[in-house]
Structure formats: structure tokens, C-alpha cells
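Working notes, beginning with the structure itself.
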Amino acid sequence: MTLDELTQGLRERLGDNPNLGATVKFDFGADGSIYVDGTVNPPAVSTGGGDAQCTLTLSKDDFETMAKGGLDPTMAYMTGRLKVDDIATAMKIGAFLR
């Protein structure tokens, strides 16, 4: 999938969910990033973006696999495939994506 397709998919998944109360960045390294402004309703989802309250760093391939249910986020975190700088916010966004 392209970064734009992943962004659109994330936008659809978050839909009209209630306010997340934070900004989140999915950092895919050289493959780019997706920025979620969860302080507005509905959440604004775009490619790129600046600093966020929570940054999740992982490969684009791992993100795709996780979104399809093929990679457990907890296992990805425990094995170093997913790095998170704010666990509480990451858990919130994970709940929205289920």
C-alpha cells in the first residue's frame, strides 16, 4: 500500500470517534509518516506532520500487518519492532483502531 492509501484507511477507521485528546505520529522512517490530530472531532489524519504528543515508530510493512490483525502491537513493542514514546496515548489510539 502507498502512504496515501494507509492514511485514507486510518482516516476511515478513526471516522467520527470521540476526541482522542492528543496528537499522534506514525513514523515509518524513509517511507514517511502519518499524523493524527486527535484534539478535533473527527480526528484529522494527514501525511507528514510535525511534532506530536505521541510518536509510534515502526516500519510501514509492520503497520500494514498490524492493521490487518497479523501482528500483535504488544508483541511488536516487546520485540522492538514498535517504539512508543507515550504508552498511555498509544493505548488510546489502539482502542480506536480495533
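Here, each number is a calculation from the coordinates, and none is a lab measurement. Only a predicted model underlies this, so the values are computations on that prediction, with no experimental measurement involved. Every residue, glycine among them, receives a Cβ derived from its backbone with ideal geometry; neighbour counts consider all protein chains shown.
Close amide H partners of LEU56, meaning residues 5 or more places away or on another chain with modelled amide H under 5 Å apart, are LYS25, PHE26, ASP27.
What's the lysine pair count for the chain at a Cα cut-off below 15 Å, pairs eight or more apart or interchain?
Values: LYS25/LYS60; LYS25/LYS83; LYS25/LYS92; LYS60/LYS68; LYS60/LYS83.
So the count of such lysine pairs works out to 5.
Taken over the chain, the convex hull of the Cα atoms encloses 86 Å³ per residue.
Might you report the magnitude of the Cβ-based charge dipole of the chain about its Cα centre, with Lys and Arg at +1 and Asp and Glu at -1, to the nearest 20 debye?
On the way: 9 positive and 14 negative charges, 49 e Å.
Using Cβ point charges on Lys, Arg, Asp and Glu, the chain gives about 240 debye.
Over segment 4-62, what relative contact order in percent results from Cα pairs under 8 Å that are six or more residues apart? Relative CO of segment 4-62 lands at 37 percent.
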